[in-house]
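First up is the structure itself, then whatever we jot down about it.
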Amino acid sequence: MTHLLDTSAILAHYLDETGADEVEGLLAQGPGVIALAAPSWVELDTRLRELVSEVEERESVFLQYTVSLTTLLPVNAESCLAAIRLRNAAPGRLPLADALIAGVADAAGLILVHRDPHFDTIPDLRVLRLPSKH
C-alpha cells in the first residue's frame, strides 16, 4: 500500500469536486494500494446520510468506497501512539478523528491524501494535499 485516503478525499471524489481526478487515479490502482482508516468509515457514513436520502444508494456508495475500492486499516496501539505524537506536534487544534486517521497513515508508512489544511501543519506527516473545493 502507498496511500491512505482521508474522508475529505473520498468526498471530493464522490462529489466530483476539485481533486477528484487525483483520487480517481489513486483508486484505479486498487484496494491493494489504497487504504482507508477505520475512523473514515464512520465519517463517510455520517456525510453520506446528509448527502444521500435513498438508503439503498447510500449503502451502495458506502460499500463501493469501503470494500470495493480500498482496504480497511484498523486503529491499533501503534496508530494511537502515532496519533498522540502527531496531535502533540500539530501547532493548532487537530480533531480526534483526524488525529486517528493521520496516526493510521503514519504508523503504516502511507501518504495521507486529504484537503484539510490542518494536516499540512503537522511536521513529518507525509501528505498529498488536494486542491481546496473553493
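The values are calculated or read from the model by the stated rules, or taken from the named source; none is laboratory data. Fair warning: this is a prediction, and the values are worked out from it, not measured in the lab. No Cβ is skipped: glycine too gets one built from the backbone with ideal geometry, and neighbour counts run over all protein chains shown.
Tabulated data for the structure shown
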{"quantity": "Answer residue from the stretch 109-124, given it is among the aliphatic types (A, V, I, L, M) and buried (at least 20 other Cβ atoms within 10 Å of the Cβ) and is farthest from Val23 (Cα to Cα) among those", "calculated": "Ile122"}
{"quantity": "Criterion violated by Ser68 - all others in (1) among the hydroxyl-bearing types (Ser, Thr, Tyr); (2) surrounded by 12 or more Cβ atoms within 10 Å (Cβ to Cβ); (3) at pLDDT below 95 satisfied", "calculated": "(2)"}
{"quantity": "Residues of the stretch 108-134 classified as modelled with pLDDT under 95 and over 13 Å from the mean Cα position of the chain (by Cα), total", "calculated": "12"}
{"quantity": "Check on Gly92, farther than 23 Å from Ser132 by Cα and at pLDDT below 95", "calculated": "no"}
{"quantity": "The stretch 18-65, residues that are charged (D, E, K, R) and at pLDDT below 95", "calculated": "none"}
{"quantity": "Filtered residues of the stretch 1-42 (kept if without any contact (Cβ under 8 Å) to a residue 60 or more places away in the chain and buried (at least 20 other Cβ atoms within 10 Å of the Cβ))", "calculated": "Ile10, Leu11, His13, Leu27, Ile34, Leu36"}
{"quantity": "The one condition in (1) closer than 18 Å to Ser132 by Cβ; (2) buried (at least 21 other Cβ atoms within 10 Å of the Cβ); (3) among the polar types (S, T, N, Q) that Ser79 fails to fulfil", "calculated": "(1)"}
{"quantity": "Helices (runs of 4 or more DSSP H) lying entirely in the stretch 1-99 (those with 1 or more residues that are of a type in the set (Asp, Glu) and over 14 Å from the mean Cα position of the chain (by Cα))", "calculated": "20-27, 38-51, 55-63, 77-89"}
